[in-house]
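The values are calculated or read from the model by the stated rules, or taken from the named source; none is laboratory data. Since we're looking at a predicted model, the values are computed, not measured. Every residue, glycine among them, receives a Cβ derived from its backbone with ideal geometry; neighbour counts consider all protein chains shown. To get the accessible areas, we keep the full protein, side chains included, count just its heavy atoms, and leave off ligands, DNA and RNA. Shrake-Rupley method; radii C 1.70, N 1.55, O 1.52, S 1.80 Å.
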Amino acid sequence: MNTPSTRKRRIAAPIVLVIAIGALLARVPFAIAERASHYANMKPITDVYGFIQNHYYQDIDYEALQNGMINGLIEALDDPYTEFIPTEAIGDFDKYVRGNFVGIGASVNTQDNWLHIVSPLDDSPAYHAGVEADDLIITVDGLSTFQLNTNEIISRLSGEPGSVVTVTIEREGTAEDRPRAAIKPSVPAESHIIHTYDIDENIITKTFADRDEARKWLDTFLEAGKLHEEADEPEILAAPAPEPGHIRFDLPIKRQRIITSTVKGIHREGDQWIFMIDPARKIGYVRVSQFTQGTVPELTRACKQLIEDGLKGLILDLRFNGGGSLDAAIKMSDLFLDDGLIVSQKGRTTSEEHAYARNSGTLPDFPMVVVVNGASASASEIVSGALADNDRAIILGERSFGKGLVQSLYSLPNGIGQLKITEQNYYLPSGRSIQRHDDSAQWGVDPTPGFYVPMTDDNTRDMLRRRREEEVIRNELPEVCCWDDPEWILTELIDPQLSAAVLAIRNQIETGDWIPSGNEQPEGAIERAALRVEQQRLERLLRELERSQRRIDTLASATGDPADQDVTDLFPDDTELTDGSLTISDADGNEITTLRITGETLERWLMDAPVEPITDEDDDADNESDTASTSTDPTSTDSADTE
């Protein structure tokens, strides 16, 4: 038998459900109306599209038109982080964001017009095949790389996992310096190269031993009308023979999926990073270059190895790390925190989200310094801010960049590409947004008081050059002195911020206190530095304007036309505008509003606005029009009243 209370409970649920459905139904018409309003905003775009489709006088590139409309919508947001990624660019985007791609695995640049190997990547097909730093790639599958665009060469080195690409390599040395898999080179020592585009926009590369043979092929190609209409007639390039003391050989390499390493140590031994910067005091050093899906597993392995070796303090270097995956930043923070808020996110169309640390999987508690600078952004700032706000680490270096926005990635229908769109702001555990706006006086993550260590441009340049030397994998290790001597290391690496971080950890280990190893950040120092950057940017723009003006004067002198014939002058240049007023009237002369002028640059902003000076002739024409309108019907009281 039901009691009154249980009966009430059973009745209450349907009542609540009916109320909820009623509220939902009440909202539906408004939601539909709002959506209809949004789609109505798009109708002018479809109208323009229709007119172009039906009336434009030339053939239309519909894909370019589509991409232009998409990019136009995005540009109107004035957000540098929201972008459309066409299908053909998704591979490169994934390579950056996810840190994996298919290829041979090497860091490259150009040298002497050839593709130059800076270093093979860790555990890569290139490394295992015997590719070495400073090798030159002469051909890829028989196609010359001489003076060829680097991106085009990289696309040729890419392919399906398990497929084989054969490269011709030039290397300093003798036949004994060839890898075991090397074979006879497939191209002549000296060759003549043609790079061009055919009518289908395919890049064509031809290699000839004889220049006359190259000329004959090119003439036939041109006479057949196969050259793309927008391409210049190609040159016949003379590719040089190997330098004296160099050898060439072909090397087959099996392509594999490459997982880019984003976790680095203090120096390499072979293809392995060493993470202990002070072996005697057991101080570890880990540098994270980017946040990808593989970053946290890599970092976990490095930290566990350090812990097995007796780790007593850790330096986490996030300088020049522009960010990456939000999920990786949360997981990295969680690695060092056993509880507490890591980050919160808020957006216009999304509910507030919070990410908290969990005790499971947290590393032991050891002294920790996070090093940041003005190029540490986004995910780097989430980690440094979370560790600082939760009192897990001190921050050393300089104020970070100030990017507090979260982007999400969506695949667009019909496979046309992806949209990376800013959805949320993120906030540090303290509740502070670190986003840097044009009107922001404070942004980013600041160093802990007493640990502000600025570096000059020269300091930074020297440090980065020396760091890059340690990133190169070499088969023969250079003879250097003392990687087990921390004092030698710090002198050798010429890195004041790293030296200050090591000193801070040493002091903490020895005394149990964080003794400042830097300076107190001078009041306004960051803002002054940012001010100097903006002043320099303005100076560059002004210099560019001066160059443009000189060019205008030269052309005007050559043509006899006045240099300023199209320049709008709204009022005399010596007019003092600040604290003046600007009155806006409608077409009938009714005053709408009056604005106070707060600076002297008003004319510059009005030049591109749909305004023009009202001349005496305009006033006379308006008066004649008014007179005509009032005298058209002398019996009309409406006209008399209006006048």
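Would you be able to tell me the number of residues in segment 396-406 that are farther than 9 Å from Gln424 by Cβ and not in a loop (DSSP other than H, G, I, E, B)?
2
Among the candidates Ser107, Ser144, Ser155, which residue alone is surrounded by fewer than 16 Cβ atoms within 10 Å (Cβ to Cβ) and either in contact with a Cys (Cβ under 8 Å, 6 or more places away or on another chain) or of a type in the set (Gly, Ala, Ser) (or both)?
One residue alone meets the criteria, Ser155.
Across segment 592-608, what is the number of residues that are acidic (Asp, Glu), open to solvent by 70 Å² or more (accessible area, probe 1.4 Å) and over 34 Å from the mean Cα position of the chain (by Cα)?
Residues flagged as acidic (Asp, Glu), open to solvent by 70 Å² or more (accessible area, probe 1.4 Å) and over 34 Å from the mean Cα position of the chain (by Cα) within segment 592-608 amount to 1.
Can you name the residue in segment 320-349 that is open to solvent by less than 40 Å² (accessible area, probe 1.4 Å) and among the polar types (S, T, N, Q) and is also modelled with the highest pLDDT among such residues?
Within segment 320-349, the match that is modelled with the highest pLDDT is Ser333.
Evaluate the following for Thr207: is it open to solvent by 30 Å² or more (accessible area, probe 1.4 Å), hydroxyl-bearing (Ser, Thr, Tyr) and either part of a helix (DSSP H, G or I) or modelled with pLDDT under 85 (or both)?
no
Do any helices (runs of 4 or more DSSP H) lying entirely in segment 411-526 carry at least 3 residues that are open to solvent by 40 Å² or more (accessible area, probe 1.4 Å) and at pLDDT 85 or above, and which ones are they?
Of the helices (runs of 4 or more DSSP H) lying wholly inside segment 411-526, those with at least 3 residues that are open to solvent by 40 Å² or more (accessible area, probe 1.4 Å) and at pLDDT 85 or above span 457-471, 496-511.
Would you pick out the residues in segment 304-318 that are within 34 Å of the chain's Cα centre (by Cα) and open to solvent by less than 70 Å² (accessible area, probe 1.4 Å)?
Leu306, Gly313, Leu314, Ile315, Leu316, Asp317, Leu318
Given Ala89, Ala64, Ala31, Ala36, which one is modelled with pLDDT under 55 and either within 25 Å of Ile421 (Cβ to Cβ) or among the small types (Gly, Ala, Ser) (or both)?
Ala31
Please go through segment 302-335 and give me each residue that is assigned to a helix (DSSP H, G or I) and closer than 15 Å to Tyr285 by Cβ, ordered by number.
Once the filter is applied, which keeps residues that are assigned to a helix (DSSP H, G or I) and closer than 15 Å to Tyr285 by Cβ, segment 302-335 yields Ala302, Cys303, Gln305, Leu306, Ile307.
Please verify whether segment 371-392 includes one or more residues that are part of a loop (DSSP other than H, G, I, E, B) and basic (Lys, Arg).
There is at least one residue in segment 371-392 that is part of a loop (DSSP other than H, G, I, E, B) and basic (Lys, Arg).
Which residue, of Leu419, Leu396, Leu409, is in contact with a helix residue (DSSP H, G or I) (Cβ under 7 Å, 6 or more places away or on another chain) and not small (Gly, Ala, Ser)?
Leu396
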